[in-house]
Amino acid sequence: MFSWVRQEQGGRNKEGEMYQTVTEGLQSLYTKKLLPLEETYLFHDFHSPALEAADFQSKPMVLLVGQYSTGKTTFIRYLLEQDFPGMRIGPEPTTDGFIAVMYGENEGVVPGNALVVDPKKPFRKLNAFGNAFLNRFICSQMPNQVLQSISIIDTPGILSGEKQRISRGYDFAEVLRWFGERVDRIILLFDAHKLDISDEFSEAIKALKGQDDKIRVVLNKADQVDTQQLMRVYGALMWSLGKVINTPEVVRVYLGSFWAKPLQNTENRRLFEAESQDLFRDVQSLPRNAALRKLNDLIKRARLAKVHAYIISYLKKEMPSLFGREKKKEELIMRLPEIYTILQREHHISPGDFPSVTKMQDMLQHYDFSKFPSLKVKLIESVDKMLATKIAVLMTMIRDEESKQPPAMVSGGAFEGSQDGPFGQGYGEGISAGADAEDWIVNRDKHRYDEIFYTLMPVNGKITGVNAKKEMMNSRLPNTVLGKIWKLADCDRDGMLDDEEFALAQHLIKIKLEGYELPTELPDHLVPPLSLHDLYTVHLNASG
């Protein structure tokens, strides 16, 4: 995949360790530098289980989260363009468990209890959630081309009410948090008719806190409302999300109808096509950025592990040697916000690196502080050195190796041919209109453009830039755009426009006013016939 070190160095880093890939390098750094710190300060009990080889080597994963009947399972089928084992679709809550849809040579279903003992799958640590969860967790395997690049995790449809939360039998929010830390993309699905965020859905979104860079939002079934209603629905969704996702950045929302059925309302077809292409590009980029994402997650984990070590060692230092331990323990738990502030100042740590105070207070109740380890400076220094030097070198190597390889992209299913052919986005529209026509498309309106042209006092069949500017500015387009149009239209670069070049300029203005983008170079089908003839003549003379 990616080389950890340059060939001229003989495949070794300064410490003589051999790495064949970036993934292998990350795994080695974690095992030798970060894992000892985590194990010493009980990081796995408080925050996240230890990472294993499969966590580093697994394909990029996409997690789908949403309330029931928002189209999560249908969305997966839309991407794969075929059914997958274990899928059920209906208006009622159908998916009552987690389904990991992954690539496999043979189609079939692997139950959760068998899945968590497979060292090749990144799910072994889910064993901690017990049989109540594992009985509702399966892996759906199938030989689908999309799944050769990514894996998709389908989740139970979220209902409202306390009963469902209790009857699950496992901590749904904690399972989502576990997946959120390990996946590459989190897609929250909403239905245009179900914008209410239930209590459990709100808790689920909050469980994904800290993974904001991975979250994307899809407003599905957007074709079931008209343009005016869609505008109101979009505004209501952004308002609801703003109350739950507490970040200064506005979350990216994709509008569309992600299933293979006719659009109920076609007036926003162009918008839906553009949005789906944007979403496809985002998902297709996941394999290319997988190594960088794993590196980023390792950095976040290392920062949290360091802060956790400072907290645990501080609590140990404050404990009395003999008497009054329980009383002191209660006092320290109550003072935890104050302790956070002390550690921030003492070690120059950002407040955002600290874990949740309330969660930490709840977990500390179950531990004997006197048995906590003291601060081991060498472990902290080892992690600091990893962050300062090893990670920086690895990040450089990722980009260096990426530039030498063709970018990995998700292909197959709905991704196949989405840009090519007459049904690709923008085909036959805007600048590409007339590409398949035998005649020059500008000729359709040239008679109107000629009427304007001859009022601008052409001399020897051409108008000056000054006269053309006055007319072109009537479009009210910015000068930067008009300058680009002039450059495209003045095919012979003589600073003037003949009737064909002027008609071309007017055609380009029309394209821009209709909301389409302009090209950097004029495509062949828009080159004026006379200019094309002149070029052909020049070519013949040169060859003769």
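The values are calculated or read from the model by the stated rules, or taken from the named source; none is laboratory data. Treat the numbers as computed from the prediction; the structure is a model and nothing was measured. Counting neighbours? That spans all protein chains shown, and the Cβs are built from the backbone with ideal geometry, glycine included. For the accessible areas, the whole protein counts, side chains as well, though only heavy atoms, and no ligand, DNA or RNA atoms are used. Shrake-Rupley method; radii C 1.70, N 1.55, O 1.52, S 1.80 Å.
A few remarks follow.
- Peptides ranked, highest mean first, by Cβ atoms within 10 Å: ranges 182-190, 324-332: 182-190, 324-332
- On Cα atoms only, tilt of 325-334 relative to the major axis of the chain in degrees: 20 degrees
- Carbon plus sulfur fraction of accessible area for the chain, probe 1.4 Å, in percent: 52 percent
- Distance between the 7 Å Cα→Cβ label points at residue 487 and residue 441: 2.2 nm.
- Dimensionless Rg over Rh [the chain; C-alpha; Kirkwood]: 1.08
- Of all DSSP-defined beta bridges confined to the chain, some 35% are antiparallel rather than parallel.
- Taking 0.36 nm per residue of sequence separation and removing the Cα-Cα distance, the residue 206/residue 524 pair yields an extension gain of 109.2 nm.
- Each Cα pair of region 140-276 feeds into the Kirkwood radius, which the Stokes-Einstein equation turns, at 10 °C and 1.306 mPa s, into a diffusion coefficient of 96 µm²/s.
- For region 432-542, pairs of C-alpha atoms spaced more than 16 angstrom apart make up 58 percent of the total.
- Across q = 0.14, 0.29 Å⁻¹, region 171-229 modelled as identical point scatterers on its alpha-carbon atoms has Debye log10 I(q)/I(0) values of -0.46, -1.21, in the order of the q list.
- In degrees, nearest ten, helix 499-513 long axis to first principal axis of the chain (Cα): 30 degrees
- Kirkwood-type radius of region 227-330, with distances r between different C-alpha atoms, in Å: 19.2 Å
- Net charge of neighbours whose Cβ lies under 12 Å from the Cβ of residue 320, counting Lys and Arg as +1 and Asp and Glu as -1: +3
- Of interest is the spacing of the C-alpha centroids, which for region 166-204 and region 40-67 amounts to 16 Å.
- Per-residue SASA remark: residue 321, around 90 Å² accessible (1.4 Å probe; ligands, DNA and RNA not included).
- Burial order of peptide ranges 433-441, 31-39 (average beta-carbon count within 10 Å, highest first): 31-39, 433-441
- Pairs of Cα atoms in region 225-283 fall into 10 Å distance bins, from 0 up to the last occupied one, in shares of 20, 44, 32, 4 percent.
- Accessible solvent surface per residue of the chain, calculated while the other protein chains remain in place, 1.4 angstrom probe, Å²: 50 Å²
- Modelled spin-label separation between residue 368 and residue 356, with each label point placed 7 Å from Cα along the Cα-to-Cβ direction: 2.9 nm.
- Legend: residues 234, 449, sorted from most to least accessible area (1.4 Å probe; ligands, DNA and RNA excluded), read 234, 449.
- Note on region 199-274: dipole from Cβ charges, positive end direction compared against 266, 224, 235; the farthest Cα belongs to 266.
- The Cα trace of region 137-216 gives Rg and Dmax of 14.0, 40 Å, the first to one decimal, the second as a whole number.
- Packing-based ranking, highest mean first, of 52-65, 482-495 given that Cβ atoms within 10 Å are counted: 52-65, 482-495
- Residue 356 accessible area, assembled protein chains, probe 1.4 Å, Å²: 60 Å²
- When the surface is traced with a 1.4 Å probe over the full set of protein chains, residue 319 keeps roughly 30 Å² accessible.
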